[in-house]
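To start, the structure under review is shown below, and the notes come after it.
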2 protein chains.
Amino acid sequence: MTSLRILPRLVSSRQGNAPAHSFVNARLSARLFSTTVKRDTAVKAIGYTQYGKPSEILRLHEYTLPELKANKVHIRFLAFPINPADINQIEGTYPTKPPFLTKEIGSSEGFCVAGNEGLAEVVAVGNDVSNIKKGDWVVMAGAGFGTWRSFAECSPCDIQVIPKDIVSPIQAATLTVNPCTAYRMLKDFGRLEEGDFVIQNGANSGVGLMTIQLAKKWGYRTINVVRDRPNLDDLKDHLYKLGATHVVTDTEFGKQTTKEQIKKWKGDSKIKLGLNCVGGKAATEMAKYLSPNGHYVTYGAMSKQPLTLPASLLIFKNLHFHGFWVSRWAETHSKSMRYEMLKDIMDMMHAGEIKEMETECIPWDTKQAGSESVVLNAAEKGITGYSSKGKQVILLK
Amino acid sequence: MTSLRILPRLVSSRQGNAPAHSFVNARLSARLFSTTVKRDTAVKAIGYTQYGKPSEILRLHEYTLPELKANKVHIRFLAFPINPADINQIEGTYPTKPPFLTKEIGSSEGFCVAGNEGLAEVVAVGNDVSNIKKGDWVVMAGAGFGTWRSFAECSPCDIQVIPKDIVSPIQAATLTVNPCTAYRMLKDFGRLEEGDFVIQNGANSGVGLMTIQLAKKWGYRTINVVRDRPNLDDLKDHLYKLGATHVVTDTEFGKQTTKEQIKKWKGDSKIKLGLNCVGGKAATEMAKYLSPNGHYVTYGAMSKQPLTLPASLLIFKNLHFHGFWVSRWAETHSKSMRYEMLKDIMDMMHAGEIKEMETECIPWDTKQAGSESVVLNAAEKGITGYSSKGKQVILLK
């Protein structure tokens, strides 16, 4: 991240022939004399006018940022990830359905900007807005913002300022979903104490990797279930390096030898918490490993299968089954409580205690005509794109 | 309940020819002069030496009560119900497995006395035992006592004295399972407030009927699901008289009109708690009626089907799924806390706020040779016996 990237840009920059660098230098000089220079107000946004398959309905919409109002903020996006929830939202299967906007973004038919997570910098602040200043880094205060665009107008309550000197743009752009999900599930369920066990499936997912690292930091032990694969040893090695206590594959998981192995690992300790993002039979199997009175949290259903629970797990084993959705958590908790968590996570990232997840960084030069295809392609790959090279993160320039 | 029933009886009473009444009068006189008269110590117990179908393995075992020890109590059973859990225990499918006793009950092969719930009176108290006196009514302190017998030796901690002037023997003998289950589920889950809704299936079960009445007393509204049946109107009438707010059948339950009807009933209120003793598809359907953040408690699985949960109910609707088992509650809470509940329930029964459940009373004259067949028959009918005429309760004499 260079300081150049957080400078405001003019619409003329994409029309003129001057090289970007000379333009920036010119603008740096301009800023010394005036703060009312004309800013870039041409917005490129990726979204949809109706729900459907990303490949069929996502498109570019261009509009002009409205003039800055006293109670508003203008922000420029620096990076945003392609999250599974974004794809479900585009498909219309996600419960958070952002509005289809018309006059706010100059669309006659109603256009919904895709994307929920991202990092932006503040490019202009209305006169009535305090505690936010030009150049600040911000993440979204909640879900449904519409982050897949170059610029946006928003209210101060829609964004959260974060320090920009302690994490990378990629870490900041992917801060509010996966790390926060892992953080809250470990903090809020099962009353974990040092030495307790957590068992999780999808251990190689964004949340799974964060869970391994946070658990390690907080003194919990993890049993991590991953799908069998050709390069299994590399993956196991990677998870152990991050802090996994044990790793088993889904094919090993149901076997008697694995059951005995896990029993040995556990010893007299308790498996107090199960984290499930898979569903189906494997998720039922995992629930059986929990110690009596344990808590089991479902935060995804990658198998698209429901969770089936024998009554005995509920009645006699006294397991408690919950769900976790980070968007709801953000809605139902104070901004200060959320910031406390974000800051804690960023401090751990800064200290190197949490590694950022593997990402495939995709540059989007919003000044280039037709450049939006990189975002459309990434969205088309969607969830699949993740498992190959890591989460896809679009870097805007 | 006459006072005669709580008098001790002698072994000789079943061997002699004197009419019971004259015998009792003779003993009444004897008691004026001595408290060390020989008591009846011939025990008839119904139980098993191995798990299996009640009709195949239940049998009578006769033994002699051991001599009273200083730290022990002798009790005589007055009544016990045939509960579904008793049958499951005999079949070996229940997690609480009482020990197969040998020398304590004069059995060479190991014999397990059936039954978990019942009402007994104290017939003798060891010298070191305080706070329990002859003639007291007692219920069991926990599960696994072995209540299907005429007499028993026990420790003070195995029993709970209850007042005998405020409830009937039937009410006392069926106090610790069904009423306590309903009581605790309403108290401990969902943080109910006046006007809130509870939805339950198996509403005509022992727990279901108690739930209706306790909810009514505490100001909660109930939506009650029952199985369709020929005499439906009678049943509905019965439930409404007990205090049910609404009653629907399982066949009406999935229909769009019922969905709309329940929505109307609910209005702006919340269905905060679901109580499930059925399982299977109908139980999943019921979960969908819960308001967001609701709690759903499974305490039975009459359909013998597991509970299948779409991930959306967990993740997005934030429903919490628990189990309830009254035996565990008793084990994990203090005797005084349990007594507080028992007393509260008995006071409501005494005030006529809770009607005792419908029961089929079956007398067992333990003095008669071959009389144990009434218990064996009742156990063979088991759970089925319940739904026809009400819960089967054995009254001992």
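The values are calculated or read from the model by the stated rules, or taken from the named source; none is laboratory data. Since the structure is predicted, the reported quantities are computational estimates derived from the model, not experimental observations. Ideal geometry is used to build each Cβ from the backbone, glycine not excepted, and the neighbour counts take in all protein chains shown. Surface accessibility is based on the protein's heavy atoms, side chains included, excluding ligands, DNA and RNA. Shrake-Rupley method; radii C 1.70, N 1.55, O 1.52, S 1.80 Å.
Per residue of peptide A:274-281, the mean number of Cβ atoms on other chains within 10 Å of the residue Cβ is 1. Considering only B:Gly219, B:Gly294, B:Gly115, the Gaussian network model of chain B with Cα springs below 10 Å gives its largest mean-square fluctuation to B:Gly219.
Relative to the longest principal axis of the Cα atoms of chain A, the long axis of helix A:20-33 makes an angle of roughly 70 degrees. Distance between the modelled labels on B:Tyr240 and A:Leu60, one decimal in nanometres: 6.7 nm (7 Å Cα→Cβ projection).
Annotation: amide H-H contacts under 5 Å for A:Leu396 (H modelled 1.01 Å from N, sequence separation of 5 or more, or interchain): A:Ala79, A:Phe80, A:Trp364. Of A:Leu242, A:Leu101, A:Leu78, the residue with the greatest mean-square motion in the GNM of chain A, using alpha carbon springs below 10 Å, is A:Leu101.
Taking label points 7 Å from Cα along the Cα-to-Cβ direction, A:Arg191 and B:Asn88 give a separation of 2.6 nm. Just name one of B:Ala351, A:Gln368, A:Asn127: the one whose Cα is farthest towards the positive end of the charge dipole of the protein assembly as shown (beta-carbon charges, Lys/Arg +1, Asp/Glu -1). Farthest along the dipole direction, towards plus: A:Asn127.
When the accessible area of the protein assembly as shown is split by element with a 1.4 Å probe, what percent falls to carbon and sulfur?
Reported share for carbon and sulfur atoms: 51 percent.
Which entries in the list A:Lys187/B:Lys317; A:Lys44/A:Lys134; A:Lys343/B:Lys272; B:Lys216/B:Lys266; A:Lys255/A:Lys389; A:Lys236/A:Lys272 go over 25 Å, if you measure between the two C-alpha atoms of each? Checking Cα-Cα distances, A:Lys343/B:Lys272; A:Lys255/A:Lys389 exceed 25 Å. Taken one residue at a time, the phi angles of region A:78-93 give Karplus couplings (6.51, -1.76, 1.60, θ = phi - 60°) of 9, 6, 8, x, 9, 9, x, 4, 4, 5, 4, 5, 4, 6, x, 9 Hz. Gly and Pro are set to x. A viscosity of 0.692 mPa s and a temperature of 37 °C, combined with the Kirkwood radius over Cα pairs in Stokes-Einstein, give a translational diffusion coefficient for chain A of 146 µm²/s.
Determine the total buried accessible area between chain B and chain A, counting protein heavy atoms only with a 1.4 Å probe; round to the nearest 100 Å². Spell out each step's value before the answer.
Values: alone 18350 and 18300 Å², together 34630 Å².
The B and A chains share an interface burying roughly 2000 Å².
Tally Lys and Arg at +1 and Asp and Glu at -1 over the other residues with C-beta under 10 Å from the C-beta of B:Pro66: what net charge comes out? Walk me through the numbers before you get to the answer.
Details: positive: B:Lys69, B:Lys72, B:Lys103; negative: B:Glu67, B:Glu104, B:Glu153.
Neighbour charge sum, excluding B:Pro66 itself: 0.
Each Lys and Arg adds +1 at its Cβ and each Asp and Glu adds -1 at its Cβ; summed about the Cα centre, the protein assembly as shown shows a dipole of about 320 debye. Both the radius of gyration and Dmax for the protein assembly as shown are 34.2, 123 Å, in that order, over alpha-carbon atoms.
Across the options A:Ala287, A:Ile315, A:Ser327, the greatest Cα extent toward the positive end of the charge dipole of region A:178-327 (unit charges at beta carbon of Lys, Arg, Asp, Glu) belongs to A:Ile315. Shape class of region A:178-327 from the Cα gyration tensor (axes a ≥ b ≥ c, square roots of the eigenvalues): rounded, since a/c falls below 1.5. The Kirkwood hydrodynamic radius of region A:243-313, based on inverse pair distances between different Cα atoms, is 12.9 Å.
Using 0.36 nm per residue, how much length does the chain from A:Tyr51 to A:Glu260 gain when fully extended, once their Cα-Cα distance is taken away? List each step's numbers first, then the result.
Numbers: separation 209, 0.36 × 209 = 75.24 nm, distance 4.77 nm.
Gain on stretching A:Tyr51 to A:Glu260: 70.5 nm.
Net charge of the neighbourhood of B:Gln392, taken over other residues with C-beta under 13 Å away and scored Lys/Arg +1, Asp/Glu -1, is -2. In this structure the amide hydrogen of B:Ile199, modeled in the peptide plane, comes within under 5 Å of the amide hydrogens of B:Ile223, B:Leu273, B:Gly274, B:Leu275, none closer than 5 places in sequence on its chain.
Tell me the relative contact order for region A:218-278 as a rounded percent, counting alpha carbon contacts under 8 Å between residues six or more apart. RCO, region A:218-278: 33 percent. Coupling constants for region B:308-315 follow from the phi torsions by the Karplus curve (6.51 cos²θ - 1.76 cosθ + 1.60, θ = phi - 60°), and in residue order they are 10, 10, x, 4, 4, 5, 7, 6 Hz; glycine and proline get x. Placing unit charges on the Cβ atoms of the charged side chains and taking the dipole of chain B about its Cα centre, the candidate lying farthest along the positive direction among B:Tyr94, B:Pro179, B:Tyr299 is B:Pro179. Annotation: amide H of B:Ala114 within the under-5 Å range of B:Ile46, B:Gly47, B:Tyr48, B:Trp148, sequence separation 5 or more or interchain, hydrogens built in the peptide plane.
Against chain B, whose longest principal axis comes from its Cα atoms, helix B:178-188 is set at around 50 degrees.
Could you give the length gained on full extension between B:Lys103 and B:Asp268, defined as 0.36 nm per residue of separation minus the Cα-Cα distance, in nm? Walk me through the numbers on the way to the answer.
On the way: separation 165, 0.36 × 165 = 59.40 nm, distance 6.29 nm.
My answer for the length gained is 53.1 nm.
Just add up the charged neighbours of A:Tyr240: K/R +1, D/E -1, any other residue whose Cβ is under 14 Å from the Cβ of A:Tyr240. Present the calculation step by step, with values, prior to reporting the outcome.
Details: positive: A:Lys216, A:Arg221, A:Lys236, A:Lys241, A:Lys355; negative: A:Asp233, A:Asp234, A:Asp237.
Overall, the nearby charge balance is +2.
Counting only heavy atoms of the protein chains and using a 1.4 Å probe, B:His246 has close to 30 Å² of accessible surface. Mean partner shielding of peptide A:252-264, defined as the number of other chain Cβ atoms within 10 Å of each residue Cβ, is 0. Note on chain A: helix-only mean residue ellipticity at 222 nm, from DSSP H runs of 4+ residues weighted -39500 (n - 2.57) and normalised by residue number, equals -10000 deg cm²/dmol. Scalar couplings 3J(HN,Hα) for region B:334-347, obtained by applying the Karplus form with A = 6.51, B = -1.76, C = 1.60 to θ = phi - 60°, are 5, 4, 5, 5, 5, 5, 4, 5, 4, 5, 4, 5, 5, 4 Hz; x denotes Gly and Pro. Can you give the angle from 0 to 90° between the axis of helix A:373-389 and the longest principal axis of chain A, with both taken from C-alpha atoms, to the nearest 10? For helix A:373-389, the angle is close to 20 degrees. Rank A:Glu62, A:Glu193, A:Glu121 by mean-square fluctuation in a GNM of chain A with C-alpha springs under 10 angstrom and give only the top-ranked residue. Result: A:Glu193 has the largest fluctuation of those listed.
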